[in-house]
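The values are calculated or read from the model by the stated rules, or taken from the named source; none is laboratory data. Worth saying up front: this structure is predicted, and the values here are computed from it rather than measured. So basically every Cβ, Gly included, is an ideal-geometry build from the backbone, and we count neighbours across all protein chains shown. Ligands, DNA and RNA are excluded from the accessible area calculation, which covers all protein heavy atoms including side chains. Shrake-Rupley method; radii C 1.70, N 1.55, O 1.52, S 1.80 Å.
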Amino acid sequence: MELLSGGEMIARVLEDEGVEYIFGYPGGAVLHIYDALFKDCKVPHVLVRHEQAATHAADGYARATGKPGVVLVTSGPGATNAITGIATAYMDSIPMVVLSGQVQSHLIGEDAFQETDMIGISRPIVKHSFMVKRAEDIPVMMKKAFYIAASGRPGPVVIDIPKDVTRPDEKFEYRYPRTVKMRSYAPAQRGHTGQVKKAAKLLLSAKRPVIYAGGGVVQGEGSELLTSLARELNYPVTNTLMGLGCYPATDRQFLGMLGMHGFYEANMAMHHSDVILAVGARFDDRVTNTVGKFCPGAKIIHIDVDPTSISKTVPADIPIVGPVQSVLEEMGVQLAALREKEPDLPDRGALERWWKQIDEWRATHGLWTGRRYSESKKIMPQQVIESLYRVTDGNAYVTSDVGQHQMFAAQYYRFDQPRRWINSGGLGTMGFGLPAAMGVKLAFPDSDVACVTGEGSIQMNIQELSTCTQYSTPVKIINLRNNYLGMVKQWQDMQYEGRYAMSTYEDSLPDFVKLVEAYGHVGMQVTKLADLDAKMEEAFAMKDKLVFLDVIIDPMEHVYPMHIAPNGSMKDMWLSKNERT
Amino acid sequence: MRRIISMLMENEPGALSRVVGLFSQRGYNIETLNVAPTDDPTLSRLTLTTAGDDKQIEQITKHLNKLVDVVKLVDLTEGAHIERDLMLIKVRAQGALRDEVKRTTDIFRGQIVDVGPNVYTIQLAGTSDKLDSFVAAMADVDILEVVRSGVAGISRGEKVLSL
């Protein structure tokens, strides 16, 4: 049997696990590991410019591919810099394995140079964590880490590795286990048949049904099953911010996103529904508005692989704990069996009336059909997303940062496939977009990858323009530039009488075109609507260039609809600055 | 409502901090906490008491079960069970009160485990209520120190929490 040092084992495990990229940054505590990677490891390493970007890049890679992202950082500041990215992945249930260096075992607890209690700091934002005590434990521990990260409700796993366990002069037998079993960890494999049967019955009895699908459907690879189930029943579907793409957005049955900035028709349909089928969604506060007023007439079926998500905020009438794939599969079988016995279900007349009502909502205030954004001489942010959608034929991977641009992208780019919309929904991390786009582009070099951002967010990780140069990741950055922290400004407009407390930059913004050029990329500014499509096309035509499109937009536009809070229900929305439901 | 939640967890470093961290992170309360290795040295038995409505308790048990280090869990208050809390209490025992302390200790079936010229240290085991009553009965006595183990519990009858 082969003898390897701890550092060499880590390099070998990454190969054996089929890891495609390591995103990381070297430092004292991980030098043995880096030396092992340098000497003999087939897995390419991407050197970021800040550890936060390593986690976001690994996260973007994981969201686009479904495989765990891998991060390698040093102890102390390397580890703490990774924290925001780990928390981002945790909130959105993204599989990730983070290897963090640690000071030598005998120095732990002595406030040694670059020492930090990574296990302690990361505890509330990881699915699990390990501290390596002995080099010979590395293969099994890493196998467990990959297994835990990717199974059940996925999430980030941290492995903290003291420097001495990676020493090159101490070698151990290496054997990588193919599978691993843990007595204390057994995620649900299938739903309870009785519950699925009950759910199928309730679903068929619905007169005003809505299917409410979230990120769990994307992560659990349940999109196809969900789509066929919805089509089979002719039931309307709404997606959460995290679920966009799990049901084709261009389909007639799609109501758009729901929630705080959800579509009028989606929020109205939810509020007036009698049965809600919630799949891989968690009734987040950005969805429900006031919980006590949430969908008063609805019976709720809730499918989720994580039992803690069920009845956490909104009580479920029929909870089903299980992976969306197997539950939806079984649900399909049960529905078919029930309909064979009772071919008149669901009630077609009721469903027809329900669709008529939904179409009326659509026609009056639908974002894609009825209500449009305000007319302006300036470029409207929504027009930029529409242009992006046209130019990329709706097929791009779109990452975003956080703020107004994120909501405009979610509303106006119609995602027909899962894993194409990549954003920080739970934590809401500004600075996510560019490094995430990098990770996606590395995974899919032949696909169009766009990062929709704003001048606030992009500056939170703009140093990654350098990484993009080094690894030739020609993403397209669409900067919706309004010279304000837009979403902050919107709230200040609406709730603080337009007092823009620290949400402007006082002419301190850089010349973005020159800035990206300094990194070796292409920068273009767009100021006129007439030029928008042409510039957008030009940008995407430059296949091997990173292009930064600095689009000067109307700074006064708000994101609508917007839930009225506090004390509002799903149906209470601002539809424009002076129009409400 | 007060609940006694008891669990088997991996006897690994960090396991306890994950349990305790969960409570502070999610705003739940731990009233007592008791943890020690079992006959199987790879497993620890942790018993805690907490309070909350049914919805909260359901979330607490679900979250605890979700922790990778927690192997098995039971809410002892759901069935017949035995609970014991151990108290060591040091009191001033002088003059007439010295006899009074001894008598009260006997009534509660406690033991005086350390004797000094001016102090007694009493050991008392029982339900938390019983220990509270004893402390109340010592109202006239100068209590110097109280140490309690926190509740340890086990189901009655054949029901066991094991792998």
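Structural remarks
- Members of A:Lys378/A:Lys535; A:Lys356/A:Lys577; A:Lys198/B:Lys159 lying beyond 22 Å, as alpha-carbon distances in this model show: A:Lys356/A:Lys577; A:Lys198/B:Lys159
- Shielded residues, the stretch A:159-192 - accessible-area loss of 50 Å² or more between chain alone and all protein chains, probe 1.4 Å: A:Arg183, A:Ser184
- Computed from the C-beta positions of A:His106 and B:Thr42 and an R0 of 25 Å, the FRET efficiency is 0.45 to the nearest 0.05.
- At 1.002 mPa s and 20 °C, Stokes D of the stretch A:421-487 from Kirkwood alpha-carbon radius, µm² per second: 175
- Cα-based reach from A:Lys441 at 19 Å (exclusive), listing lysines while leaving out same-chain residues under 8 positions away: A:Lys67, A:Lys476, A:Lys543, A:Lys545
- With a 10 Å cut-off around each Cβ of B:7-13, the average count of Cβ atoms from other chains is 2.
- When the square roots of the Cα gyration tensor eigenvalues are ordered a ≥ b ≥ c, the ratio a/c for chain B is 1.5 or more and a/b exceeds b/c, which makes its shape prolate.
- Apolar share of the accessible surface for the protein assembly as shown: 51 percent from carbon plus sulfur atoms, 1.4 Å probe.
- Note on B:58-69: average number of Cβ atoms from other chains within 10 Å of each residue's Cβ is 5.
- Trypsin sites (Lys or Arg not before Pro) within the stretch A:473-523, DSSP loop, no more than 11 other Cβ atoms inside 10 Å: A:Arg499
- Put simply, the convex hull of the Cα atoms in chain A casts, on average, a shadow of 27.2 nm².
- Derived from the Cα gyration tensor, the three semi-axes of the equivalent ellipsoid of the stretch A:491-581 are 35, 18, 12 Å, largest first.
- Only helices enter the 222 nm calculation for chain A: every DSSP H run of n ≥ 4 contributes -39,500 (n - 2.57), and dividing by all residues gives -11000 deg cm²/dmol, rounded to 500.
- Accessible surface computed residue by residue for the stretch A:280-432, with neighbouring protein chains in place and a 1.4 Å probe, gives 40 Å² per residue.
- Take A:His563: with every protein chain present and a 1.4 Å probe, its accessible area is about 10 Å².
- Spatially, the stretch A:226-268 and the stretch A:52-107 are offset by 32 Å when compared through their Cα centroids.
- For the stretch A:483-581, the set of GluC sites (Glu not before Pro) satisfying both a DSSP loop assignment and a count of at most 14 other C-beta atoms within 10 Å is given as A:Glu497, A:Glu506.
- Taken over the stretch B:57-140, the alpha-carbon convex hull comes to 130 cubic angstrom per residue.
- Sum of -39500 (n - 2.57) over DSSP H runs of 4+, divided by residues of chain B (222 nm, nearest 500): -9000 deg cm²/dmol
- With the simple spin-label model, which puts each label point 7 Å out from Cα in the Cβ direction, the B:Gln94 to B:Leu16 separation comes to 3.7 nm.
- Note that chain B presents 52 Å² accessible area per residue, ligands and nucleic acids not counted, probe 1.4 Å.
- On the beta carbon distance between B:Arg109 and A:Asp16, with R0 = 45 Å, the FRET formula returns roughly 0.15.
- As a ratio to 2.2 N^0.38 Å, the alpha-carbon radius of gyration computed for the stretch A:223-333 takes the value 0.99.
- Listed by chain and number, the lysines whose C-alpha is less than 21 Å from the C-alpha of A:Lys39, apart from same-chain residues fewer than 8 away, are A:Lys163, A:Lys171.
- Placing a label point 7 Å from the Cα of A:Val140 along the Cα-to-Cβ direction, the residues of the stretch A:163-184 with a backbone N closer than 13 Å are A:175-183.
- Here is the interface size for B with A: some 1600 Å² of accessible area buried, both sides summed, with a 1.4 Å probe.
- Residues in the stretch A:122-144 occluded by at least 40 Å² - accessible area, probe radius 1.4 Å, against chain by itself: A:Arg123, A:His128
- Calculated SAXS-style log₁₀ I(q)/I(0) at q = 0.12, 0.28 Å⁻¹ - the stretch A:336-413, Debye, Cα scatterers: -0.58, -1.27
- Length available on full extension from A:Glu506 to A:Ser472: 0.36 nm per residue minus the Cα-Cα distance, which gives 8.9 nm.
- In the stretch B:29-125, trypsin sites (Lys or Arg not before Pro) in a DSSP loop with at most 15 other beta-carbon atoms within 10 Å: B:Arg109
- Summing charges over all other residues whose Cβ lies under 14 Å from the Cβ of A:Leu3, with Lys and Arg as +1 and Asp and Glu as -1, gives -3.
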